[in-house]
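Q: I have a structure here, written as structure tokens, and I will follow up with some questions on it.
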Amino acid sequence: DVKVTQSSRYLVKRTGEKVFLECVQDMDHENMFWYRQDPGLGLRLIYFSYDVKMKEKGDIPEGYSVSREKKERFSLILESASTNQTSMYLCASSLTPGQYEQYFGPGTRLTVT
Amino acid sequence: TQLLEQSPQFLSIQEGENLTVYCNSSSVFSSLQWYRQEPGEGPVLLVTVVTGGEVKKLKRLTFQFGDARKDSSLHITAAQPGDTGLYLCAGASGSARQLTFGSGTQLTVLP
């Protein structure tokens with residue numbers, strides 16, 4: 001059974017803190033994605049990775065960075081958290097560039113105070 | 001940036017009613033997917049449509065891809081409370097590795 005897990009379901013951080021969100025998939029998928037989800041805005045792509053150590057910016061990369069040291073793990077980093085980064089963060093993976101179906105984790109609801 | 005517009009944004013209906021959700025774009029997509037997201041969970045893929053004019057059925061859900069591959073619809077017959085959730089369409093184009101997601105339709109089916 002396909003599985004994408006995220007390190008935390010809920011997270012509360014203070015402004016200026018460095019925040020790490022971890023995502024692990026057990027499907028040997030090449031592609032991994034980080035989205036943020038806000039009411040009325042759907043899912044917006046922050047960064048994605050199509051191979052180990054490879055990354056590409058999505059639509060809203062500002063204020064975020066990513067790391068992919070192993071195929072199964074994709075980390076999202078908020079270098080200095082701000083209140084406007086309060087959101088639901090979703091990680092997803094897909095098999096190959098030709099296979100667009102994405103499998104999502106349960107999400108991390110991050111609150112920055 | 002390609003955009004996908006979904007309508008309506010919110011829909012609240014009684015159990016047993018029929019409904020249609022729309023997903024529209026000015027861009028052509030090579031395939032289009034529909035996902036459903038329940039509270040506290042990530043989206044789950046319902047269906048992928050690839051061919052213009054294609055119709056796929058999943059029990060009481062009927063999905064259609066427009067002839068020009070710019071739009072899609074989701075029709076639910078005799079809605080049930082278990083259909084409640086956020087419905088998202090997502091389009092793939094060309095060699096792009098990522099999907100473009102619509103803004104979603106929040107469906108509530110009241111018993």
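The values are calculated or read from the model by the stated rules, or taken from the named source; none is laboratory data. The model shown is predicted, which means the values in this text are computed figures rather than measured ones. Cβ coordinates were reconstructed from backbone atoms using ideal geometry, including for glycine residues, and neighbour counts include every protein chain displayed. Remember, those area values only see protein heavy atoms, side chains included, never the ligands or the DNA or RNA. Shrake-Rupley method; radii C 1.70, N 1.55, O 1.52, S 1.80 Å.
Q: May I ask for the Kirkwood hydrodynamic radius of the protein assembly as shown, worked out over all distinct Cα pairs and given in angstroms to one decimal?
A: One decimal place: 18.0 Å for the Kirkwood radius.
Q: Enter the buried accessible area of the B/A pair, total of both sides, probe 1.4 Å, in Å² rounded to the nearest 100.
A: Between B and A, the summed buried area is about 1700 Å².
Q: Another one. Using Cα-Cα distances under 8 Å and only pairs 6 or more residues apart, what relative contact order does the stretch B:20-111 have, in percent? Numbers along the way, then the final one.
A: Working: 203 pairs, mean separation 28.2, N = 92.
Relative contact order comes out at 31 percent.
Q: Give me a single rounded figure for B:40-48: the average over its residues of other chain Cβ atoms within 10 Å of their Cβ.
A: 5
Q: Can you list the lysines whose alpha carbon sits under 17 Å from that of B:Lys70, skipping same-chain ones fewer than 8 residues off?
A: Those lysines meeting the cut-off are B:Lys56.
Q: Once R0 is set to 22 Å, what does the formula 1/(1 + (r/R0)^6) return for the Cβ-Cβ distance between A:Ile60 and A:Arg14, expressed as a FRET efficiency to the nearest 0.05?
A: 0.50
Q: Just the accessible area per residue of chain B, please: how many Å² with a 1.4 Å probe?
A: Per residue, chain B has 47 Å² of solvent-accessible surface.
Q: Another question, then. May I have the count of lysine pairs in the stretch A:1-92 with C-alpha atoms under 17 Å apart, counting pairs 8 or more residues apart or located on different chains?
A: 6
Q: Where does the stretch B:20-105 land on Rg(C-alpha)/(2.2 N^0.38 Å)?
A: The value comes to 1.04.
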